Amino acid sequence: MGKIVLVTGAARQLGGRFVRRIQRDPGVDRVIAVDSVRPGHQLGDAEFVLADIRQSAIARVLAEHSVDTVVHLDVSAKALGTGGRTTVKETNVIGTMQLLGACQKSPSVQRLVVKSSTNVYGSAPRDPAVFTETTPPKSLPSGGFAKDAVEVEGYVRGFARRRPDVAVCVLRFANILGPEPDSPLADYLSLPVLPTVFGYDPRLQFVHEDDVVDVLEIAAREPRRGTLNSGTFNIAGDGVLLLSQCSRRLGRPTVPVLLPAVTWVGSALRTIGMTDFSPEQIRLLTHGRVVSTVQMRETLGFRPKFTTAGTFAEFARSRGPGLLPPERVGRAVGRLAELPLGGGAPGSTHSTHGAR
């Protein structure tokens, strides 16, 4: 018999894409898609179960379908629909607790894949240049989605100790972007003008939605020869971008804000629907974060198709031209470069004594 895979967060765009992808795996017999709201997209031949992972009923779903592989994608920084930060936190933390409790009691579960985030490392002024999977954070995140991710991983480690027979894979994704992103950072980068922290230009990494689906499929399968898909892995595209480079490629001007005023800006952004523009998100846009992907390549055996720059280019194309489209700025700079120096007439030449 093939695998029976249960996927949480199926109503989200990323969850829906993974549900449709994993059905094509010849080693998978059935896919059980779970969420507390009905999806607005197609799930192919998957069986959709309307269930809230915060409730104990999720244990019954695992038992009824004899699930052997659980892919937990319902860990997110944004709520579906009108839900606020409280709903997000309950789903991330309490929902994970209930799901892991159900997995612990289920004798059929053999593999668990959990979507996490590089947010667990936090962002601080004395951070190392590059985080590895074993690097402890200088200061643990104090709130927002970053703190949720830390708590989720703590519960997963406890589960792994209690059920050593279950293969557990935790994927720490860098900022996920692409044509259809669903994150507070994507919302921030979509603003017509980007507020930035005066005097700081953070380094950022991105991972493409397509690569996220690809690596989730690798994690949900039996490991390929010479690889190991149990453990914790950073997932990001090659390279880094500075926030200033991102703004120029988007054609969106920046407005530097003094650090004491940033908290007020964050509060204003939360009022327009950016539910996780928390102090941790502001720290990311101040200090940045870069992670090592050596284990992703050498142990997990995954090589992303998109670099950080390539991922951002896909995102930028999906957003449309900003207030200062790069092409228009480039033409303007070119025209300025053609102007004569010193106010001379066009075509006139200027000589500099002793110049070579």
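All of the numbers you see were taken from the coordinates with simple rules; none came from a lab. Because the structure is a prediction, the values reported are computed rather than measured. Cβ coordinates were reconstructed from backbone atoms using ideal geometry, including for glycine residues, and neighbour counts include every protein chain displayed.
Computed quantities for the displayed model
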| quantity | calculated |
| --- | --- |
| The chain - mean residue ellipticity at 222 nm from DSSP helices (-39,500 (n - 2.57) per run, n ≥ 4, rounded to 500) | -11000 deg cm²/dmol |
| Pairs of lysine residues in the chain - Cα separation under 27 Å, sequence separation of 8 or more or cross-chain | 18 |
| Separation between Cα centres of segment 1-78 and segment 102-171, rounded to whole Å | 21 Å |
| (1) 63, 53, 39; (2) 69, 50, 43; (3) 86, 44, 39, with the label sought being that of the calculated Cα extents along the principal axes in Å | (3) |
| With Cα atoms, 0 to 90° folded angle of helix 13-22 axis to the chain main axis | 60 degrees |
| Mean Cβ neighbour count within 10 Å, used as a protection proxy, ranking 208-217, 191-200 highest first | 208-217, 191-200 |
